[in-house]
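So the structure is just underneath, and the comments pick up after that.
Each reported figure results from applying straightforward, stated rules to the coordinates on display, with no laboratory input. From a predicted model like this one, the values you see are computed outputs, not experimental measurements. Neighbour counts are summed over all protein chains in view; Cβ atoms, including those assigned to glycine, are modelled from backbone coordinates with ideal geometry.
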Amino acid sequence: MPIRWYGPADPDDPTYRHFERIVNLTLHASIYAALNSGLWVVQELRHPWAHLSWLSLGWLALLLVHAGVVIALRPAPRP
């Protein structure tokens with residue numbers, strides 16, 4: 001089931017901004033998974049690359065920082 005926003009797109013709404021951050025994090029994680037797995041497959045098949053593990057770990061660290069920002073900026077629950 002795709003992620004959807006039901007209602008008007010109001011950039012001033014904190015819930016909408018949080019939803020947008022979650023979608024961006026999901027996109028970031030998807031690109032990381034696709035490119036990183038592809039690079040590792042290519043490395044195993046043809047071309048050894050000594051620094052691929054550093055690239056993977058660095059990008060993973062950035063992804064975790066991105067997730068931390070999304071969690072830190074989540075809006076307070078409405079009563």
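Just in the stretch 17-79: which trypsin sites (Lys or Arg not before Pro) are loop by DSSP and have at most 15 other Cβ atoms within 10 Å? Each step should come with its number before you reach the end.
Details: sites: 17, 21, 46; in loops: 46.
Within the stretch 17-79, the qualifying trypsin sites (Lys or Arg not before Pro) (loop, at most 15 other Cβ atoms within 10 Å) are 46.
Residue by residue, what Karplus-based ³J(HN,Hα) values in Hz, rounded to whole numbers, does the stretch 14-27 have, using 6.51, -1.76 and 1.60 with θ = phi - 60° and x for Gly and Pro?
x, 5, 5, 5, 5, 4, 5, 5, 5, 4, 5, 5, 4, 5
In the stretch 1-72, which chymotrypsin sites (Phe, Trp or Tyr not before Pro) are in a loop and have at most 16 other Cβ atoms within 10 Å, using DSSP for the loop call?
Working: sites: 5, 6, 16, 19, 32, 40, 49, 54, 59; in loops: 5, 6, 49.
Those that pass, being in a loop and sparsely packed, are 5, 6, 49.
What do you get for Rg/Rh of the chain when both radii come from the Cα atoms and Rh is the Kirkwood radius? It would help to have the intermediate numbers written out before the result.
Values: Rg = 17.1 Å, Rh = 14.9 Å.
In the chain, Rg relative to Rh is 1.15.
Could you give the angle, 0 to 90 degrees to the nearest 10, between helix 52-72's Cα long axis and the longest principal axis of the Cα atoms of the chain?
10
HN-Hα J couplings of the stretch 29-41 from phi, Karplus 6.51/-1.76/1.60, θ = phi - 60°, integer Hz, Gly and Pro as x?
Karplus-based 3J(HN,Hα) across the stretch 29-41 equals 5, 5, 5, 4, 5, 5, 5, 5, 5, x, 5, 5, 5 Hz.
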